[in-house]
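Please read the structure below before turning to the comments.
The values are calculated or read from the model by the stated rules, or taken from the named source; none is laboratory data. Everything numeric here is computed off the predicted structure, so don't read it as measured data. Cβ atoms come from the backbone with ideal geometry, glycine included; neighbour counts cover every protein chain shown. For the accessible areas, the whole protein counts, side chains as well, though only heavy atoms, and no ligand, DNA or RNA atoms are used. Shrake-Rupley method; radii C 1.70, N 1.55, O 1.52, S 1.80 Å.
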Amino acid sequence: TVEECLNDISGNYPNITGKFYCIFANPSAKSIYDMVKLDQQTATNMLRQTLQLKKDLETKFKIDFLIIDTSPGIGLTVVNTFMSSDAILFIVRFNVVDIEATISMLNGFSKPISQHSLIAVNMVPVKKFQDGSHKLVEGLVKSKLKSNVRKQNIEFMGWLPTDQNFIDLEFELS
């Protein structure tokens, strides 16, 4: 049931008013394998269940926002999430390949996937904010989205800066 899946983690955030619920995915290898191997009929049933879940959360639990973190890439579960969403936030890494792949994915849909789509660029070196060069790159990303994304209305949301020292440390620890 929905009640069994909802985890109230509001107590972890004392400065936020209201309730904060999470539903955790099953991280087991079998569960991941099963999701990757979905057939069309099962995916259609899952879409129906996802839409019902969204309705139940809005009416029974009075949830104002529902954030679903999907796996990277495109599959039937990700498409189902798009289909049941009022807004979609795409997080792309700060490189040409990720931006081009996102544009290609968006253009692969025959109609708009959401009323409101946003894109945020992740892993932008902090030094790009210090020297102001992020504004030039922001203009290029906006231009690329506007000229290359068909049928979709996607808005540039902003940047998620990253400290290069953190990236270097993460690499060393790996």
TODO: Mind jotting down the three principal axis lengths of the range 38-118 based on Cα atoms? Whole angstrom, largest first.
DONE: 43, 30, 22
Task: Computed log₁₀ I(q)/I(0) - Debye formula, equal Cα scatterers, no solvent, the range 9-53, q 0.17, 0.21, 0.28 Å⁻¹ - done: -0.70, -0.81, -1.01
- [ ] Describe numerically, in nm with one decimal, the distance between label points set 7 Å from Cα along Cα→Cβ at N165 and at A25.
- [x] 3.3 nm
Open item on the list: Suppose each label sits 7 Å from its Cα in the direction of the beta carbon; what would the K54-V97 distance come out to in nanometres?
Closed with: 3.2 nm
- [ ] Using amide H atoms built 1.01 Å from N in the peptide plane, name the residues 5+ places from F20, or on other chains, whose amide H lies under 5 Å from its own.
- [x] I9, S10
Task: Debye, to nearest 20: dipole size of the chain, +1 on Lys, Arg Cβ, -1 on Asp, Glu Cβ - done: 740 debye
Task: Accessible-area order (highest first, 1.4 angstrom probe) of the listed residues Y21, Y33 - done: Y33, Y21
- [ ] For the range 96-161, with all protein chains present and a 1.4 Å probe, just round the carbon and sulfur fraction of the accessible area to a whole percent.
- [x] 56 percent
- [ ] Please identify, among V78, V121, V96, the residue showing maximal mean-square fluctuation in a Gaussian network model of the chain using a 10 angstrom Cα cutoff.
- [x] V96
- [ ] Give me the number: length gained by fully extending F109 to D86, i.e. 0.36 nm times residue separation minus the C-alpha to C-alpha distance, one decimal in nm.
- [x] 6.7 nm
- [ ] Leaving ligands, DNA and RNA out of it, rank L47, L169, L160 by accessible area with a 1.4 Å probe, largest first.
- [x] L169, L160, L47
- [ ] Any chance you could look up the accessible area of M83 with a 1.4 Å probe, heavy atoms only, rounded to 10 Å²?
- [x] 110 Å²
Open item on the list: Suppose a student asked you for the relative contact order of the range 118-174, using Cα pairs under 8 Å spaced at least 6 residues apart; what percent would you report?
Closed with: 62 percent
Task: Mean separation of Cα contacts under 8 Å, 6 or more apart, over the residue count of the chain: relative contact order % - done: 17 percent
Task: Probe 1.4 Å - accessible area at F94, Å² to nearest ten - done: 60 Å²
Task: Cα-Cα separations in the range 1-79 greater than 18 Å, expressed as whole percent - done: 52 percent
TODO: Please work out how much accessible surface T50 shows to a 1.4 Å probe, ignoring ligands, DNA and RNA, in Å² rounded to 10.
DONE: 40 Å²
- [ ] Quickly estimate the mean residue ellipticity at 222 nm for the chain, helices only: each DSSP H run with n ≥ 4 gives -39500 (n - 2.57), and the total goes over all residues, rounded to 500.
- [x] -13500 deg cm²/dmol
Open item on the list: With both bridge residues required to lie in the chain, what share of the DSSP beta bridges run antiparallel, to the nearest 5%?
Closed with: 10 percent
Open item on the list: Taking the solvent-accessible surface of protein heavy atoms with a 1.4 Å probe, what is the per residue accessible area of the range 1-82 in Å²?
Closed with: 79 Å²
TODO: Show the residues, 5+ positions off or on another chain, whose built amide H is closer than 5 Å to the amide H of L118.
DONE: I88, L89, F90, E155
TODO: Assuming R0 = 35 Å, can you tell me the calculated FRET efficiency for the pair D8 and D39, based on Cβ-Cβ distance, to the nearest 0.05?
DONE: 0.50
Task: Rg and Dmax [Cα atoms of the range 97-174; Å; Rg one decimal, Dmax integer] - done: 14.9, 44
